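Worksheet: the structure to be examined is printed underneath.
A short reminder: the numbers here are calculations on the coordinates, not readings from a lab. What you see is a predicted model; the values in this text were computed from it and never measured. So basically every Cβ, Gly included, is an ideal-geometry build from the backbone, and we count neighbours across all protein chains shown.
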Amino acid sequence: MKIAILGAGAMGSVVGGLLAKAGNDVTLIDVWREIVDTINAHGLRIDDKAGNFETIRVRASTNPAEIGPVDLLTIFVKCYHTEEAVRSAAPLIGPQTVVLSLQNGWGNGPRIAGIVGRAKLLIGVSYHSATVLGPGHVLHAGKGQTFMGELDRTMSDQLKHVADTFKRAGLEVTATPNVSKEIWSKLALNAATLPTSSTIRLTAERLLDTQEMQQLMRELLREVVAVARAQEIDLDFDERWNAITGLLRKLAPNTKASMLQDVEKGRRTEIDVINGAIVEAGQRLNIPTPYNNAMLWMVRSLEETFKQPKLDH
């Protein structure tokens with residue numbers, strides 16, 4: 001399969017690298033020239049949490065026009081770059097191209113569908129975790145399920161074909177007619193763990209160290225479950241809490257959540273489509289979300305400090 005990965009960050013590199021290793025014709029697309037040049041010159045290095053690594057030969061480019069139409073375009077860019085990135089990827093999208101979003105948060109799908117059309121779009125989530133260690137160098141910190149589906153809940157041939165391609169690359173995939181529930185399940189994980197780790201600079205596995213932090217994450221999760229159920233998305237608090245704590249305990253030591261990586265590099269986070277999505281839904285449904293609102297305010301305030309000039313002392 002001819003595949004383009006839009007966004008050669010941590011997750012895009014891991015998924016793209018595994019698909020390339022399985023024999024697919026993969027190109028990583030990124031605007032950062034240093035990443036592209038490093039991968040083309042030296043290959044993509046993927047470390048695992050045991051300290052092993054492999055280097056995968058895969059093509060990288062900053063220019064979608066030089067690649068031409070692909071069978072599958074998989075999107076891993078940050079939510080706030082979604083529309084601009086998808087429009088810039090127009091040369092990759094032909095009549096038969098399938099577009100798959102495995103991005104964080106809620107709301108990316110409708111924005112992409114507005115550009116490429118609903119018929120081309122698959123949406124999903126992945127429970128793999130990864131960290132960028134340098135240009136063309138990532139840590140595959142944790143493995144997990146990937147879920148994908150159609151916006152209209154059908155089990156189409158294109159969905160089955162993409163899922164099979166991922167499976168042949170060693171990625172555990174479930175094609176589901178109820179992908180919205182899976183996205184909200186991942187949203188629950190992210191809403192509870194990303195702002196909490198990033199605001200006080202804790203690596204992911206440290207979130208369970210104190211009862212106070214566990215209680216904060218429980219309150220965030222309760223609000224997510226409440227707004228999900230009000231939309232007839234059947235999340236279960238106990239199931240989600242057990243899944244979240246189980247995942248955190250399995251992560252490699254010093255695993256940095258994506259939002260913490262953004263904060264440490266002074267970059268805008270995806271808080272608006274994570275806790276912000278919970279707050280927006282709560283306002284629309286008249287459900288209080290004070291804990292998620294607090295996280296939203298705190299991370300937005302933290303982002304404001306990135307814009308301020310540093311004072312010389």
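Full-extension gain between ASP48 and ILE287, please, as 0.36 nm times their residue separation minus the C-alpha to C-alpha distance. Walk me through the intermediate numbers first.
Working: separation 239, 0.36 × 239 = 86.04 nm, distance 4.15 nm.
Computed gain between ASP48 and ILE287 is 81.9 nm.
I want to verify a result. In a Gaussian network model of the chain, Cα cutoff 10 Å, which of these has the top mean-square fluctuation: PRO69, PRO135, PRO95?
PRO95
With both bridge residues required to lie in region 42-141, what share of the DSSP beta bridges run antiparallel, to the nearest 5%?
On the way: 8 of 20 bridges.
Just about 40 percent of them are antiparallel.
So how far, in whole Å, is the C-alpha centre of region 149-197 from the one of region 1-51?
20 Å
Within 14 Å, Cβ to Cβ, of LEU202, how many net charges do the neighbouring residues add up to if Lys/Arg are +1 and Asp/Glu are -1? List each step's numbers first, then the result.
Details: positive: ARG201, ARG206, LYS256; negative: GLU205, ASP209, GLU212, GLU264.
Summing Lys and Arg as +1 and Asp and Glu as -1 gives -1.
So which trypsin sites (Lys or Arg not before Pro) in region 244-302 pass both tests, a DSSP loop state and at most 15 other Cβ atoms within 10 Å of the Cβ?
Counting only loop positions with at most 15 other Cβ atoms within 10 Å, the trypsin sites (Lys or Arg not before Pro) in region 244-302 are LYS265, ARG267.
Identify which of ILE56, ILE115, ILE274 has the largest mean-square fluctuation in a Gaussian network model of the chain, with springs joining Cα atoms closer than 10 Å.
ILE115
Compute the length gained on full extension between GLU172 and ARG33: take 0.36 nm times their separation in residues and subtract their Cα-Cα distance, giving the result in nm to one decimal.
On the way: separation 139, 0.36 × 139 = 50.04 nm, distance 3.12 nm.
Length gained, GLU172 through ARG33: 46.9 nm.
Put +1 on the Cβ of every Lys and Arg and -1 on every Asp and Glu Cβ in the chain; which of LEU122, ASN242, HIS137 then has its Cα farthest towards the positive end of the dipole?
HIS137
For THR203 and SER301 in one chain, what is 0.36 nm times their gap in residues minus the Cα-Cα distance, to one decimal in nm?
Values: separation 98, 0.36 × 98 = 35.28 nm, distance 2.05 nm.
Stretched out fully, the THR203 to SER301 stretch lengthens by 33.2 nm.
Using DSSP to define loop residues, name the trypsin sites (Lys or Arg not before Pro) in region 194-234 whose beta-carbon has at most 12 other beta-carbon atoms within 10 Å.
Values: sites: ARG201, ARG206, ARG218, ARG222, ARG229; in loops: ARG201.
Answer in residue order: ARG201.
Quick check: net charge around LYS256, other residues with Cβ under 15 Å of its Cβ, Lys/Arg +1 and Asp/Glu -1? Please list the in-between numbers first.
Details: positive: LYS49, ARG201, ARG206, LYS265, ARG267; negative: ASP47, GLU205, ASP262, GLU264, GLU270.
Result for the neighbourhood of LYS256: 0.
Roughly what % antiparallel, to the nearest 5, for the DSSP beta bridges in the chain? Walk me through the intermediate numbers first.
Details: 14 of 41 bridges.
Here the antiparallel bridges make up roughly 35 percent for the chain.
Between ASP234 and LYS160, take the C-beta separation as r, use R0 = 25 Å, and let me know the FRET efficiency to the nearest 0.05.
On the way: r = 24 Å, r/R0 = 0.98.
Efficiency, from the Cβ-Cβ distance: 0.55.
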